[in-house]
Amino acid sequence: MRKNKIRILHVAQAAGGVDRYIRMLLKYLDKEKFENILVCSQDFHEEDYRGLADSFEQVEMTRAIGGNDLKAIREVRALIKKYNPNIVYAHSSKAGAIARVADIGLRNHCVYNPHGWAFNMRCSAKKKAIYTMIEKIAAPFCDKIICISDAEKQSALDKKICKEDKLQVIFNGVDIEAYENGVHGAVRRKDLSIPEDAFVVGMVGRMSPQKAPDVFIKMARQVKDRVSNAHFIIVGNGNQEAEIRKYAKANGISDSLHITGWVDNPMSYVELFDVACLLSRWEGFGLALPEYMMAGKPIVASRVDAIPNIIRDGENGLLVGVDDATGASKAVLRIYQDDGLKNRLVTQGMEDVHSRFNARRVSEEHGKLFERL
């Protein structure tokens, strides 16, 4: 490697959205200026980072707090010493705690991106207090904390995690070029036994309390009452799948519900939607939203956390209350009944994703931060 490159050692535990984020970030970071080392958990795959990361290391890291954490801290510290990076960049709360402790006393800069604060999850007051305390204790051990939305920054200030000058907002983005130059139409409606003339409402997300698949399926039942040829797609898997299927069966809409399970190509399924939903109960950003915009889909989303930073009600999508299945069904039906509204939402969404949520911009803003440090 050229000696004048800035060496960044990324530490990541949670796969899923964080994995996608890091891949996009590395793809568009200037390779003439930056060298990237990835230290990640067992949930990542080395082949995904060929041509993106200059070095790839794995350390066993688990989401739950436990005795394994001390071993992970020792191993991460050894790798920081081995690579001697200019900057350690910790992604998500667990890796953030491990990397910042591992980096104490070593001569480099440290950046932390929680990718959505753990204390904003819907959980017990005790857990929220623990997550808040951990973030406050760890905050002095990094130079900058990157927030993925204005709402995330405000949460940090409200909880007094650190002083405002330590926080920097860098909005998430999506890889528009890869999508536009990629394969389209890989999945067809007939592959899911959906009629070509059906009205299709879909969501991308884990079937877990955060993404509110229970609200989605209740909305689906109400839409089905009004639109007989409506079909519903959930792109993802999760521990609420049995509950969702049970509700669909009890309410006579099983034949209209299609659950894909985990897929490598979620955008191929998004292309089948007539309306795209994200009805989350909490959301640090909501990466599915610019992905929906990129695919030219009108959006119905919950009015919570960072989502109103992305969706302006009536302009590039429709916002509804959290846990409001009836409100969601009314919004979906508004789009179904009003082509003018649908076209306006799609046009503004396409404009916004290109101007505000391009992955190239995310990498450029990171590059400027790394150079300043």
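Just one residue in the set 155, 124, 93 is buried (at least 23 other Cβ atoms within 10 Å of the Cβ), out of contact with any Cys (no Cβ under 7 Å at 6 or more places or on another chain) and either at negative phi or polar (S, T, N, Q) (or both); that residue is 93. Output the residues belonging to the stretch 316-356 that are assigned to a helix (DSSP H, G or I), surrounded by 15 or more Cβ atoms within 10 Å (Cβ to Cβ) and of a type in the set (S, T, N, Q). Result: 329, 348. The condition (being in contact with a Cys (Cβ under 6 Å, 6 or more places away or on another chain) and within 20 Å of residue 102 (Cβ to Cβ)) is satisfied by just one residue among 53, 64, 12: 12. The sole residue among 42, 13, 58 that is more than 17 Å from residue 363 (Cα to Cα), touching a residue at least 12 places away in the same chain (Cβ under 8 Å) and touching a Lys or Arg at 6+ places or on another chain (Cβ under 6 Å) is 13. Any residue at all in the stretch 36-57 that is closer than 20 Å to residue 23 by Cα, within 24 Å of the chain's Cα centre (by Cα) and β-branched (Val, Ile, Thr)? Yes, the stretch 36-57 contains a residue that is closer than 20 Å to residue 23 by Cα, within 24 Å of the chain's Cα centre (by Cα) and β-branched (Val, Ile, Thr). When residues in the stretch 70-89 are screened for being under 22 Å from residue 172 (Cα atoms) and either not in a strand (DSSP E or B) or not hydroxyl-bearing (Ser, Thr, Tyr) (or both), 2 of them pass. The condition (being in contact with a Leu (Cβ under 6 Å, 6 or more places away or on another chain) and surrounded by 22 or more Cβ atoms within 10 Å (Cβ to Cβ)) is satisfied by just one residue among 220, 276, 212: 212. Look at (1) touching a helix residue (DSSP H, G or I) at 6+ places or on another chain (Cβ under 6 Å); (2) farther than 30 Å from residue 177 by Cα; (3) among the β-branched types (Val, Ile, Thr) and you find that residue 6 fails only one, number (2). In the stretch 271-292, the residues that are in contact (Cβ under 8 Å) with a residue 40 or more places away in the chain reach residues that are in a loop (DSSP other than H, G, I, E, B) and of a type in the set (Lys, Arg) with C-beta atoms within less than 6 angstrom, at least six apart or across chains, in these pairs: 273/297; 276/297; 281/122; 282/122. Criterion applied to 173, 182 was being within 27 Å of residue 26 (Cα to Cα), crowded, with 16+ Cβ neighbours inside 10 Å, among the small types (Gly, Ala, Ser) and modelled with pLDDT under 95, and the one residue passing it is 173.
Restricting attention to the stretch 300-315, does a residue exist that is surrounded by fewer than 24 Cβ atoms within 10 Å (Cβ to Cβ), farther than 24 Å from residue 121 by Cα and at pLDDT 95 or above? Looking through the stretch 300-315, at least one residue is surrounded by fewer than 24 Cβ atoms within 10 Å (Cβ to Cβ), farther than 24 Å from residue 121 by Cα and at pLDDT 95 or above. Count of the stretch 123-140 residues, restricted to those that are touching a Pro at 6+ places or on another chain (Cβ under 8 Å) and without any contact (Cβ under 8 Å) to a residue 24 or more places away in the chain, is 0.
Of all residues in the stretch 72-90, those that are without any contact (Cβ under 8 Å) to a residue 60 or more places away in the chain and surrounded by fewer than 20 Cβ atoms within 10 Å (Cβ to Cβ) total 6. The single condition from (1) touching an Asp or Glu at 6+ places or on another chain (Cβ under 8 Å); (2) in contact (Cβ under 8 Å) with a residue 40 or more places away in the chain that residue 247 fails is (2).
On the given criteria, is residue 291 under 30 Å from residue 32 (Cα atoms) and of a type in the set (Asp, Glu)? So residue 291 passes the test. The residue pairs whose first member lies in the stretch 192-216 and is closer than 21 Å to residue 17 by Cβ and free of Cβ contacts under 8 Å to residues at least 24 places away in the same chain, whose second member is aromatic (Phe, Trp, Tyr) and part of a loop (DSSP other than H, G, I, E, B), and whose beta carbons are closer than 6 Å, counting only pairs six or more residues apart or on different chains, do not exist in this structure. Checked against (1) out of contact with any strand residue (DSSP E or B) (no Cβ under 8 Å at 6 or more places or on another chain); (2) more than 21 Å from residue 329 (Cβ to Cβ), residue 170 meets all criteria but (1). Hey, does the stretch 11-18 have a residue that's surrounded by fewer than 16 Cβ atoms within 10 Å (Cβ to Cβ) and either of a type outside the set (Gly, Ala, Ser) or touching a strand residue (DSSP E or B) at 6+ places or on another chain (Cβ under 9 Å) (or both)? No, every residue in the stretch 11-18 fails to be surrounded by fewer than 16 Cβ atoms within 10 Å (Cβ to Cβ) and either of a type outside the set (Gly, Ala, Ser) or touching a strand residue (DSSP E or B) at 6+ places or on another chain (Cβ under 9 Å) (or both).
The values are calculated or read from the model by the stated rules, or taken from the named source; none is laboratory data. All of these numbers come straight from a predicted model, not from anything done at the bench. Because the Cβ atoms are built from the backbone with ideal geometry, glycine has one as well, and the counts that use them run over all protein chains shown.
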